[in-house]
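See structure below.
Please treat every number below as a calculation from the coordinates, not as lab data. Just so it is clear, the model here is predicted, and its values are computed rather than measured. We place every Cβ from the backbone using ideal geometry, glycine too, and count neighbours over all the protein chains shown.
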Amino acid sequence: MARISLKVNGKSRVVETDPDTPLLYVLRGNLELHGPRFGCGLGQCGACTVMVDSNTVRSCMLPVSAAENKSVTTLEGLGSVARPHAIQAAFVEEQAAQCGFCMNGMVMGAKALLDKNPHPTVSDIKKSLNSYICRCGTHLRVIRAIQRVSNSSVKA
Amino acid sequence: METKSISRRDLLKSTGVLVVGFSFFGNVTRVLAQGDGLSVDGMDPTVLDSWLAISKDGTVTVFTGKVELGTGVVTALAQIVAEELDVSFNKVYMDSGDTDTAVDQGVTAAARTVERGGVQLRQASAAARQELLKLASARLDSPVDKLTVTDGVVSVIGSPAKKIAYGDLLGGKRFNIKIVAAGVGWDMKVAPEVPAKDPKDYKVVGKSIPRVDLPGKFTGEFVYSQDVTVPGMLHGRVVRPATSLSAPLSVDESSVKNIPGMVKVVREGNFVGVVAQTEWAAIQAARALKVTWAEPTLKMPSGSAEVFDYLKNTKSFKDTVPTNRGNLDVAFSQAQKKYESTYYFPFQLHGMFGPPCAVADVRGDKATIWTGTQGPFRTRDAIALMLKIPPKNIHLLYREGSGSYGRLESDDVAEDAALMSRAVGKPVRVQWMREDEHAWDPKGPAQYSTVRAGVDAQGKVIAWDYMDRSLPWSESEANPLLASSQIGMKPTGPGFLNGASGGGQIYSFENQKVLAASIPWVQQGQWPLRTSNLRAPGDLARVFASESTIDEIASDLHVDPVQFRLRYLTSDKRIPEVLMATVKKAGWTDRPSPAPASTGNIAAGRGVAVANRANTMTAAVAEVEVDKSTGDVTVKKITLAHDCGLIVNPDGLKNQIEGNILQGVSRALLEEVQFDATGQKNLDWNSYPVIRFQQVPDVEIVLINRPEMQPLGGGEPSIVPITAAIANAIFDATGARMRQVPFTPQRVLSALKA
């Protein structure tokens, strides 16, 4: 067991855990942040995506020790139902989910894309999100939601 | 988010109890009336108070056995209630899937929730409105036919000052009236004699009201079954053999004793699981635990070829014959041309994106279960049977999981959690790992279909002989789930039939037989690969075979495939209408298939297919490109028209149709469970690929609304024609006829050479 310091959604947090524990279980278990989800545990689906510094990572594969003293942003760090981020608001506008279980990955993936490329083409969006699985088939709505953010004057 | 709940049993002991309920509508505070309708099997449906309650602030609380599976259906049900009661949508609170408060309306499945459950709620609401008007009539001293209702306030027509709100009429009190409710589950008819609102007066039904569950799903605030936490909760994982169930010959507990936080290795009969203080410890323990499994008594088949041989050569235990007319022998003897083909459909996964998860708290002869089951009462009763306690001692609270498409009618993980909780005497959360779900997902069954057709000298189809040979669902109400099986419970039947629609019944041929044969699969108390209902069960395969055959005949006769179909689509005008709406939107031009041969490697084509699933009509046009050098198929666009009677929520319906189309493309091009005698080969998303963004086609949808009809299902019918439309488009592009799903590059290349 070890004490590990993290900066999560702007707040300093210290957790007592096995340093090999994947970040996902620390976020969900120790810190009760349920935005990132378990989908495969293999880095194949994107459900567990968080941002470490400015990069998206699959938190199911990353030992918590590797995030020590780094800045971790989860879905909760973007916004809330009461005060949504522009991306989250656009997803609501487009009703861009069915079961919604993959939406953590979709929203975080969209954030990473729009941070780098504020005006992506459909082809850019498809390429950028190709490693995120949605089983319900809401891809077209996700694309429209990202285009909505891109087309709006609101900064993403 | 903390989850608090109170059973209606407790509620009924006092009046005016303040209830903090959990739902995807957010935490709400509500005051409920005293009631006494509790029966062993949920609430008594003949008591109006079992269905809904009206609080002093006018909030309407609906107690429904139907659950949200990510399809938006609970929003649609709330619209139906709001409409019938004349209250605003925001005043309706859905208390869903709680076995202590809900009426058992049957499982949420088969796109029947709006069609059946919605009509039940509509009629209960109509009965409630009738009673409220009666009360208002006495209070306002005005006959009922002079009253009108606006957002839950009853007023006298022409004297708007004379008014009273629902909350003031009844708030906090019971209706105390009986209503008619005959039959059970889906088939229950509720207050059928009470007149419902005329659809021309609808204000809420028919509107694209945004789904109530979605905002929290984009922020992490929504609570899925995977997010439920209760005080003192431990974490469990299951440990199961690689292929068929068998006995653990030895379990080496020393292999996990050094894992920090390890609590217990749970063994009961052939069930093995681990319980630990933390989730990560449980995962490590499940991986590390050394178990030697006995050779299963039942071997896995060596591969799909063996399964198709088995389907072909094994005697059916039940033949379903939805259509049988004329004399096929005579018709075939008179036919100038005969066609005969076989079509193959593989085992496919439901492929839940999030593996299932449940929390169970078993204390003595009582239990509380939080889970994502599609059938709260069914799962409660199965756990009761397994734990040998009365069903009424179990309180099951539905919490939504990831989309399940039929899979969570077989809620295995809730049983796993119950066994582990009983073993440690504490609440236990069990989530399956990805490989658990890929391996033990009760698959959509493999199907083997043969079609024979005969055409006379005038080019008229005079004979149609269709046979589907399918495995039934090993997982069904008759048969125990995994944990129950492992502790020794035996199947009581061969399983549930995999449906019979889609074998060409939509066409009116003079001599026509459609037969669906059910081939026994559960054997010796076991099964080689579990099977269950997968979205639109069986229809994809049957429509693939029948619509490919129609296409083949049209092509052979040099007739445009739409025009050819129209000759025989005479049984129900909604079918040609949905077909014409599709081809008009798709810009279809009449010509026979295949298209003129292309010069380069890339060949483009279009294909059509039509389907009737449970009286919802769909027709799809697929536009594809085939790379003839590699066999790669790209679906460029799908156009689909959809007629499910009265539309409750147009955007919600479009969302469902888009999803069905994309999942349909995925199942047509990519999906096949691979296995050999040693077990299943694809246990992750790399080895069982599903559609990804770069494979997503454009989609165009035409909604046909029929307010004069009852609402019908929208959750699955539109996946049905997709496989066939793509196959027919591949033929149109290349002249190669696909007979086996999925249409992998290798199979396309083989078909091109054939």
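In the protein assembly as shown, one over the average inverse separation of all distinct C-alpha pairs is 28.7 Å, which is the Kirkwood hydrodynamic radius. Taking every Cα-Cα distance in segment A:86-151 and sorting them into 5 Å bins starting at zero, the pair-distance distribution P(r) comes out as 4, 21, 36, 28, 11, 1 percent. Only helices enter the 222 nm calculation for the protein assembly as shown: every DSSP H run of n ≥ 4 contributes -39,500 (n - 2.57), and dividing by all residues gives -7500 deg cm²/dmol, rounded to 500. Longest segment of chain B with no trypsin sites (Lys or Arg not before Pro) in a DSSP loop having at most 11 other Cβ atoms within 10 Å? Result for the longest clean stretch: B:14-256. Quick one: Cα centre-to-centre distance for segment B:504-544 and segment B:378-407, in angstrom? Between the Cα centre of segment B:504-544 and that of segment B:378-407, the gap is 28 Å. Distances between placed amide hydrogens fall under 5 Å for B:I701 paired with B:L640, all partners being 5 or more residues away or on another chain. Each 5 Å bin, from zero up to the one with the longest distance, holds this percent of the alpha carbon pairs of chain A: 2, 10, 20, 23, 19, 13, 8, 4, 1, 0.
Would you mind counting up the charge near A:H139? Only other residues with Cβ under 9 Å from its Cβ, with Lys and Arg at +1 and Asp and Glu at -1. Within the 9 Å Cβ shell, the charges total +2. Relative to the 2.2 N^0.38 Å rule of thumb, segment B:245-288 has a C-alpha radius of gyration ratio of 1.12.
For segment B:642-717, the set of GluC sites (Glu not before Pro) satisfying both a DSSP loop assignment and a count of at most 10 other C-beta atoms within 10 Å is given as B:E708.
Based on Cα contacts under 8 Å between residues 6+ apart, chain B shows a relative contact order of 13 percent. For B:P301, neighbours were defined as the other residues whose beta-carbon sits under 11 Å from its Cβ, and their charges (Lys and Arg +1, Asp and Glu -1) total -2. Coupling constants for segment B:656-665 follow from the phi torsions by the Karplus curve (6.51 cos²θ - 1.76 cosθ + 1.60, θ = phi - 60°), and in residue order they are 4, 5, 4, x, 4, 5, 5, 5, x, 4 Hz; glycine and proline get x.
Sequence-ordered 3J(HN,Hα) estimates for segment A:96-103 from the Karplus curve with 6.51, -1.76 and 1.60 and θ = phi - 60° stand at 8, 7, 10, 6, x, 5, 8, 5 Hz, glycine and proline given as x. When its C-alpha radius of gyration is set against 2.2 N^0.38 Å (N residues), segment A:2-77 gives a value of 0.95. For segment B:109-120, the Karplus equation 6.51 cos²θ - 1.76 cosθ + 1.60, evaluated at θ = phi - 60°, returns couplings of 6, 6, 6, 9, 6, 6, 4, 9, x, x, 5, 4 Hz by residue, with Gly and Pro reported as x.
Remark: relative contact order (segment B:568-625) = 36 percent; criterion is Cα-Cα distance under 8 angstrom and separation of 6 or more residues. Within chain B, the proportion of Cα pairs with more than 44 Å between them is 30 percent. Taking amide H positions as modeled 1.01 Å from N, with prolines and chain starts lacking one, the residues under 5 Å from B:K318 and 5 or more places away or on another chain are B:S518. Between the alpha-carbon centers of segment A:93-156 and segment B:52-130, tell me the distance in whole angstrom. Cα centroid to Cα centroid, the span is 32 Å.
Computed over the Cα atoms of segment B:273-427, pair by distinct pair, the Kirkwood hydrodynamic radius stands at 20.2 angstrom. Between the amide H of B:T531 and those of B:K443, B:S474, B:E475, distances stay under 5 Å, these residues lying 5 or more places away or on another chain, with hydrogens modeled in the peptide plane.
Taking the Cα atoms of segment B:524-579, the ratio Rg/Rh between the radius of gyration and the Kirkwood radius comes to 1.21.
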